[in-house]
1. Apply the Karplus curve 6.51 cos²θ - 1.76 cosθ + 1.60, θ = phi - 60°, to the phi angles in region F:21-31 and return the couplings in whole Hz, x for Gly and Pro.
2. For peptide B:69-81, what's the mean number of Cβ atoms from other chains within 10 Å of each residue's Cβ?
3. Once chain C is represented by equal point scatterers at the alpha-carbon sites, with solvent omitted, what log10 I(q)/I(0) does the Debye formula produce at q = 0.10, 0.18, 0.19 Å⁻¹?
4. Under a no-solvent Debye model with one identical scatterer per Cα of region F:3-57, what's log10 I(q)/I(0) at q = 0.19, 0.22, 0.30 Å⁻¹?
5. Going from most exposed to least, what order do C:I162, F:I111 have by accessible area with a 1.4 Å probe?
6. Would you be so kind as to identify which of A:V32, A:I43, A:L20 lies farthest towards the positive end of the dipole of region A:3-57, taking Lys and Arg as +1 and Asp and Glu as -1 on Cβ and the Cα centre as origin?
7. What is the pair-distance distribution P(r) of region A:61-134, computed from all Cα-Cα distances in 5 Å bins starting at 0, with each bin given as a whole percent?
8. Which distance in nm do the two modelled labels at A:A112 and D:A35 give, with both placed 7 Å along the Cα-to-Cβ direction?
There are 6 protein chains.
Amino acid sequence: MPIVELHVLEGYDSTEKRRLGEALTDAVRFVVPAAPDAITVMIHELPADQYFRGRSPRSPAPARPDPARFVRDYLAAMERRDLDAAKAMLGDDFTMQFPGAAPMTQLEELIAWSKPRYNFVTKTYDRFDAMQSDGAAALVYCFGTLSGEWLDGTPFSGIRFIDRFEIEGGKITRQDVWNDMAEVKANA
Amino acid sequence: MPIVELHVLEGYDSTEKRRLGEALTDAVRFVVPAAPDAITVMIHELPADQYFRGRSPRSPAPARPDPARFVRDYLAAMERRDLDAAKAMLGDDFTMQFPGAAPMTQLEELIAWSKPRYNFVTKTYDRFDAMQSDGAAALVYCFGTLSGEWLDGTPFSGIRFIDRFEIEGGKITRQDVWNDMAEVKANA
Amino acid sequence: MPIVELHVLEGYDSTEKRRLGEALTDAVRFVVPAAPDAITVMIHELPADQYFRGRSPRSPAPARPDPARFVRDYLAAMERRDLDAAKAMLGDDFTMQFPGAAPMTQLEELIAWSKPRYNFVTKTYDRFDAMQSDGAAALVYCFGTLSGEWLDGTPFSGIRFIDRFEIEGGKITRQDVWNDMAEVKANA
Amino acid sequence: MPIVELHVLEGYDSTEKRRLGEALTDAVRFVVPAAPDAITVMIHELPADQYFRGRSPRSPAPARPDPARFVRDYLAAMERRDLDAAKAMLGDDFTMQFPGAAPMTQLEELIAWSKPRYNFVTKTYDRFDAMQSDGAAALVYCFGTLSGEWLDGTPFSGIRFIDRFEIEGGKITRQDVWNDMAEVKANA
Amino acid sequence: MPIVELHVLEGYDSTEKRRLGEALTDAVRFVVPAAPDAITVMIHELPADQYFRGRSPRSPAPARPDPARFVRDYLAAMERRDLDAAKAMLGDDFTMQFPGAAPMTQLEELIAWSKPRYNFVTKTYDRFDAMQSDGAAALVYCFGTLSGEWLDGTPFSGIRFIDRFEIEGGKITRQDVWNDMAEVKANA
Amino acid sequence: MPIVELHVLEGYDSTEKRRLGEALTDAVRFVVPAAPDAITVMIHELPADQYFRGRSPRSPAPARPDPARFVRDYLAAMERRDLDAAKAMLGDDFTMQFPGAAPMTQLEELIAWSKPRYNFVTKTYDRFDAMQSDGAAALVYCFGTLSGEWLDGTPFSGIRFIDRFEIEGGKITRQDVWNDMAEVKANA
């Protein structure tokens, strides 16, 4: 039943408009228990010469990246140990928090820290949940299970994990990680 | 710069309209990198006799609860061991997943499971992040630190945790928990 | 899928707004094959001091009567031979056309004309169809069956009829009648 | 004074938009006694990628045929005895009701029925009135006069008739006919 | 033909809304040569809890005074030599420019300057023209004729004058005066 | 905070839309003391086949000339004594009023009148203020200083002037002039 109209400057592509349509629908459903089919979103584009703020036309800013896809790309780069690609996605003030570790800021620290823990690890994702925070950052949560190989060569799998990311200005600025590795080891 | 207009049936209070205003603003910012001040939301209310779908007027559905507040209330009830209050907030198909445990569906199971683990635990929250999923469920993530007392009476504190909740039909249907308890115990 | 917004001066009651909602829905369905549920109508009322044409506020004109109801009332008045009530519903230039008769303008003419044809007649309605013409007149079609008594006292029933009315300025200005009376008589 | 805005998916041509503009104007005039010039209709088209229902874009459905033109074409096909063309315009459950006849469903029945009545008949139309019913069917009323030739070769003309059609799913599903043929014959 | 919609926070009275309606109509006519009757303005009021900028509700600012009326009041106060009332309407940086005088900032200067010129003067107004400048100031032009008494007691009248005012922050900040006094004196 | 939406037929160029955007912004600021940046104007263009008044599509009228530019061009033509160009910009009922002169209607009159007054004069403009009057005319005020040469060859400069113009139907219909020439001469 609710109807959302978005007036926005021309310049967003179909994928970006689709993301807007979905986010606006979800924003309404967050409060109003309407069936999805009962929520309509209309995006009205305005050419730059038909929109004025303070008497002046404005230009559209390029869309933000899809934060879930951005995080997925980062995690893939890390998994294949493409540190250059991964670093390019990190903000200057990036920090990461892993279970049982002090906060780290450099990917090399992370690799050094993980070396005495396991030979390698890969992630299987159950789900990515992304949202805009009430501030500047977009948030991405992803969770699933870890599999890999312990230092002694024995394999492991099915270890629950969850990651939380903050993305701001098109860069990852924070990563928090929780998982059941210690739990599993303790029970092993 | 973007302007959102929401047309909705009369019947939501100022708090609910505020939640709509915030969620719609955040939905736009999720894609368009406009400064918050440059995003305007207008909510247009329609009396029931001025809105028709399929030739018929419609009634507004009561607003969904604020999921972050709902989860906070649930966690508070659990912390003070008010199981009746907590149970009333759970859906019929509620399941919870704690580190190192099989999935549980009854709060009594959870209490039995925790008994050989610690005397008590309290949560300090860094942050609640809530969003509508792309489906019917609202999602709440909250994280922070645990403090409490081990079985031997020694206190603990500062143990990182994160909880993920799904709320559907005004009830919690799923809880997933991760924390560093095992990590801390292993290092103790 | 289509959405209609009507901006109109404050001053119409719920029944009148319902009629607007239905007529606008039907107008869309006349062209667009959307399921009724997919057509939304929103009526936005404007207080008189928030609407200007040519720099001046305007007042809302009282709603037109529901033409189907108006015709139904007229036909009921005629059936109970309440000529005063019926006459009050006719425009100054009212004309009526009955099968095999010259055009008539006075109800007394009609009564005189019907006298040598039947003792009385009552109408059973299958349906009223009302619409706005492309001009000033509203149109009402109603059809069903006649029953009554011939001059010789024998009853009749089930004789098909159709009436067409034009309503303008709140008065009936034209009535056209077709029926199977002659057909039935010829076959009798 | 009233202003109508229609939001509709891109894909209707100028003629279809004109039909929408006229039908919406008439819908307003059906209730509000505004001068035609005081009624404004604005059609806002939305590209398919700017409209979402339930998070998903939708496609526009092809416009319904103009029912008055459709009926006119049907009547022209019948008049020139192009039964194939006429049949193609009839729905599977088509029925027709002529004065003094049992309901018929096949055009051949109609032709057989008319054979002992007249040699041929042509229609002169005073007017077509078309509207959407409150259900799925569009309605067309047309009336005027019949001329033609009786079985004995004598011509006739000026015989009043009225037809009522229902069109649904792009096909004629019902035709009801009234006329003064029996009246004229009785008086002849 | 053009239609203007203004969305504004609730809180302006009918006179202020009328001023908005007129100013918006004139703004359109400044560019589009539509007949006044063909320009519609609709003002949509929003309760404070239905409007958000940057996630926050906003309050409406009190309307600016009608600048033409404000200037008229100032000129009336000056004419009756109510300097206190007049001074209260002047901004801190008020300057005035009269023919043949250096710029003045104090009303007392003006009175001293006029003393050797005439005994008194009154203004008859042909017209006030008021507009918003492209900056913060509103502008008022008024012109007409002066009448009064020269120092020698002879009366004068019909001397053309024009005043230009700038109003900012609810105060007059600048006055420029031109008139034909010297012309008239030279010709006397 | 206020938002203006203008619905107008397609056919105005970017400069004309810019003029509309500025005039509408200023119209709002004339009453509402919002910071310029807080006033948004959106121009929604409608193709001719999507706008109907009284069931009929309409065509856009060509934009009015920018009156300030029009007056500037007229004054430039006069200054370079291009009387043909200047005359082409005058309405049939053009009148002008100069200090100490009877009303004039012909440019030749003006030239004859100025001949015994000065050899030539040029204008330096401080400012043009243009607005739509409440009637059909656009108004332009311009003021600044005159420089030139007296009849005896001595130069003058810095003489204050103000002109007021009315423009209607694309022609100048009235000019009123005030200046300090007599004041300056009297003091010389």
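1. Along region F:21-31, the couplings run x, 5, 5, 5, 4, 5, 4, 5, 5, 4, 10 Hz.
2. Counting other chains' Cβ atoms within 10 Å and averaging over B:69-81 gives 0.
3. With no solvent term, the Cα-only Debye profile gives -0.55, -1.22, -1.30.
4. The calculated log intensity ratios at q = 0.19, 0.22, 0.30 Å⁻¹ are -0.71, -0.83, -1.15.
5. Result of the area sort, largest leading: F:I111, C:I162.
6. A:V32
7. Calculated P(r), rounded to whole percents: 3, 12, 20, 25, 22, 11, 4, 2, 0, 0.
8. The modelled label-to-label distance comes out at 8.6 nm.
The values are calculated or read from the model by the stated rules, or taken from the named source; none is laboratory data. Given the structure is predicted, the values throughout are model-derived calculations rather than measurements. We place every Cβ from the backbone using ideal geometry, glycine too, and count neighbours over all the protein chains shown. Quick note on the areas: whole protein, heavy atoms, side chains included, nothing else; ligands and nucleic acids left out. Shrake-Rupley method; radii C 1.70, N 1.55, O 1.52, S 1.80 Å.
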